[in-house]
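> Mind having a look at this structure? Questions to follow.
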Amino acid sequence: MYFAPNAKVTALQEKLQAFMDQHIYPNEGRFAEEVEAGDRWQPTAVMEELKDKARAAGLWNLFLAHSKHGAGLTNLEYAPLCEIMGRSLTAPEAFNCSAPDTGNMETIDLYGTEAQKEQWLKPLLEGRIRSCFAMTEPAVASSDATNIQSTIVRDGDHYIINGRKWWTTGALDPRCKIAIFMGKTDPHNPDRHRQQSMVLVPMDTPGVKVLRPLTVFGYDDAPHGHAEVLFENVRLPQSNILLGEGRGFEIAQGRLGPGRIHHCMRAIGMAERALEDMCRRVKSRTAFGKPLAEQGVTLERIAEARIMIEQARLLVLKAAHMMDTVGNKVARAEIAMIKVAVPNMLSRVVDMAMQAHGAAGVSGDFGLARLYAGARTLRIVDGPDEVHRDQIGRLELRKYN
C-alpha cells in the first residue's frame, strides 16, 4: 500500500502547518497563562480568537469523513491533517476537531433525527457550544460497557434517567450544553448488547449535577476537564433517544471507531514533536566530554523512536484506508491494533525524550511531563489495552476455525 497524500491533502497540509507556525505554537504559552490567571473553568479569549482565524482560513470541521457536514475528506485523507493538529494540545479545539465533540458530532450526524441535528449538531459544527459523552461509571468495570447500571425508564411520552457517571470529558466547560448518555432501557434482555440505549441530555435539565473535576496525574485539563456527573430523576422527552431503544451498544461501537483512530492520529503528531524536542536537546548539551547527540545510547533511542513512529503511522493509515473502503466493522481488528500500538509507542517516545532532558523532562517547563500523562491515559481511553488485545486475539483465532 502506498499512502502518499493527494494534491488536495498536500495543499491542506501546507496551509495547516503554516497556521500552526503562525498562530498555534506562538499562542500555547498565552493559552496556559489565561487558564492560570482567571477562572480555570471559563473559556479563554485566545482560543476564541484562534477559532475565528481557523474558520476564516477554511480549516474548520475537517474531521467528518463521508459526511455532507464535513470538508469532504476520507479518514485516510484526514489522517495527516489530524497528525499535524495533534502536535499541540491547543490546536484541536481551535479547528473544531477536538474530542469528545468530534465523536459526538459524528454520532448525531450518523444516528440523529433531523430535529436533533438542527438543535444540537448545527451549533456544535459552528463551534458555538460544546458537548460531553456520559458512559463510564465509577461503580462498575466500565471497560465492559455491558456492565453499566444507569437506567433509562419510559414514563409515558418521556424517559426518566438515573445514574452516576465519571470521566465525562468536557462537562465542566460552561459551553457544554448537551450530553450523550448511555443507560439501560431493557436490563433483563437476554442479549446483553441490546439492553442499552443512548439519549441526548441537555446539561441544564433539572437533575443533572456536575459533582467535581477529576485530575489525570494531577492535571485538571481546564477549562475542559473531566467530571463526575450525577443524573438524578432527569426527565426527558421520548424524542431525545438516539436511533431507538436497545441500540446504545451499536451506537457506541459506531462512535468509538472513529474516535479511536482520531486519538491515534493525534498521538503520531505528539510523538513527532517529542522526538524533535529530544533531538534539539541532545544536540545542545554536553556530558562526559562530548555532546549527548554523539552518545551511543542517545543515537539508539533516536533511531528506535523513528522506527516506532513510522511503524505506528503506517498501521494507522492502513486502518484509515480500511475504514474508508470496507467499513469500520471489517476494520475492527486494525482499529484495535492501532489503539494498542500507538499509545504504547507514544509513551515510550515521550519517556525517552524526558530522559534526554534529565530533571527538566519531568518538570513543567518543557511540556513533556504533561504529554506523558496524556500518553499513558490513552492506554485506557476508549477501551483499555487488555480489551483490544483480547479482541485482536479472538479475531486471529477465528481464521483457524
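Results for (1) buried (at least 16 other Cβ atoms within 10 Å of the Cβ); (2) at pLDDT 95 or above; (3) at negative phi; (4) part of a helix (DSSP H, G or I), shown as yes or no for each residue.
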| site | (1), (2), (3), (4) |
| --- | --- |
| Trp166 | yes, yes, yes, no |
| Glu232 | no, yes, yes, no |
| Ser239 | no, yes, yes, yes |
| Gln253 | no, no, yes, yes |
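> If you go through the stretch 203-220 one residue at a time, do you hit one that is closer than 21 Å to Ile380 by Cα, crowded, with 18+ Cβ neighbours inside 10 Å and either touching a residue at least 12 places away in the same chain (Cβ under 8 Å) or outside the structural domain of Gly38 (by TED's automatic domain parsing) (or both)? Outline the logic, then answer.
The initial filter retains those residues of the stretch 203-220 that are closer than 21 Å to Ile380 by Cα, namely 212-220.
Narrowing further to those that are crowded, with 18+ Cβ neighbours inside 10 Å: none.
No, because not a single residue in the stretch 203-220 is closer than 21 Å to Ile380 by Cα, crowded, with 18+ Cβ neighbours inside 10 Å and either touching a residue at least 12 places away in the same chain (Cβ under 8 Å) or outside the structural domain of Gly38 (by TED's automatic domain parsing) (or both).
> Same structure, new question: Determine, yes or no, whether Thr168 is under 30 Å from Glu48 (Cα atoms) and among the hydroxyl-bearing types (Ser, Thr, Tyr).
Numbers: under 30 Å from Glu48 (Cα atoms): yes; among the hydroxyl-bearing types (Ser, Thr, Tyr): yes.
In short, yes.
> All but one of (1) more than 22 Å from the chain's Cα centre (by Cα); (2) farther than 20 Å from Arg266 by Cβ; (3) touching a residue at least 60 places away in the same chain (Cβ under 8 Å) hold for Gln42; state the number of the condition that does not hold.
The failed condition is (1).
> Just for the stretch 305-352: of the residues that are under 13 Å from Asn75 (Cβ atoms) and outside any helix (DSSP H, G or I), which one is farthest from the chain's Cα centre (by Cα)?
Filtering first and then ranking leaves Val326.
> All but one of (1) touching a residue at least 24 places away in the same chain (Cβ under 8 Å); (2) surrounded by fewer than 23 Cβ atoms within 10 Å (Cβ to Cβ); (3) within 27 Å of Lys68 (Cα to Cα); (4) among the basic types (Lys, Arg) hold for Lys117; which doesn't?
That leaves (1) as the condition not met.
Let's see how each residue does on (1) hydrophobic (A, V, I, L, M, F, W, C); (2) touching a strand residue (DSSP E or B) at 6+ places or on another chain (Cβ under 8 Å); (3) at pLDDT 95 or above:
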{"position": "Ala115", "(1), (2), (3)": "yes, no, yes"}
{"position": "Pro123", "(1), (2), (3)": "no, yes, yes"}
{"position": "Ser131", "(1), (2), (3)": "no, yes, yes"}
{"position": "Ser143", "(1), (2), (3)": "no, no, no"}
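> Looking only at the stretch 168-191, which residues are among the polar types (S, T, N, Q) and part of a strand (DSSP E or B)? So that I can check it myself, show each step before the final result.
Here is the first cut: in the stretch 168-191, the residues among the polar types (S, T, N, Q) are 168-169, 185, 189.
Scanning the stretch 168-191 gives Thr168, Thr169.
> Scan the stretch 120-132 and give yes if some residue there is surrounded by fewer than 19 Cβ atoms within 10 Å (Cβ to Cβ) and more than 22 Å from Ile24 (Cα to Cα), otherwise no.
Yes, because at least one residue in the stretch 120-132 is surrounded by fewer than 19 Cβ atoms within 10 Å (Cβ to Cβ) and more than 22 Å from Ile24 (Cα to Cα).
> Is it the case that Leu64 is at pLDDT below 95 and either within 20 Å of the chain's Cα centre (by Cα) or surrounded by fewer than 22 Cβ atoms within 10 Å (Cβ to Cβ) (or both)?
So Leu64 passes the test.
> Which condition breaks for His262 when tested against (1) of a type outside the set (D, E, K, R); (2) buried (at least 17 other Cβ atoms within 10 Å of the Cβ); (3) not in a helix (DSSP H, G or I)?
Of everything listed in (1) of a type outside the set (D, E, K, R); (2) buried (at least 17 other Cβ atoms within 10 Å of the Cβ); (3) not in a helix (DSSP H, G or I), His262 misses just condition (3).
> To continue, here is another question. How many residues are closer than 11 Å to Asn96 by Cα and of a type in the set (Gly, Ala, Ser) if we restrict to the stretch 33-69?
1
> List the pairs whose first member sits in the stretch 166-179 and is outside the structural domain of Leu230 (by TED's automatic domain parsing) and within 16 Å of Leu124 (Cα to Cα), whose second member is of a type in the set (D, E, K, R) and crowded, with 24+ Cβ neighbours inside 10 Å, and whose Cβ atoms are under 6 Å apart, counting only residues at least 6 apart or on separate chains?
Final answer for the pair search is none.
> Could you tell me whether any residue of the stretch 143-156 is closer than 21 Å to Gly207 by Cβ, crowded, with 17+ Cβ neighbours inside 10 Å and within 17 Å of the chain's Cα centre (by Cα)?
no
> Do any residues in the stretch 317-330 that are within 18 Å of Tyr2 (Cβ to Cβ) have Cβ atoms under 7 Å from those of residues that are outside any helix (DSSP H, G or I) and hydroxyl-bearing (Ser, Thr, Tyr), where the two are at least six apart or on different chains, and which pairs are they?
Asp324/Thr74
The values are calculated or read from the model by the stated rules, or taken from the named source; none is laboratory data. All of these numbers come straight from a predicted model, not from anything done at the bench. Neighbour counts are summed over all protein chains in view; Cβ atoms, including those assigned to glycine, are modelled from backbone coordinates with ideal geometry.
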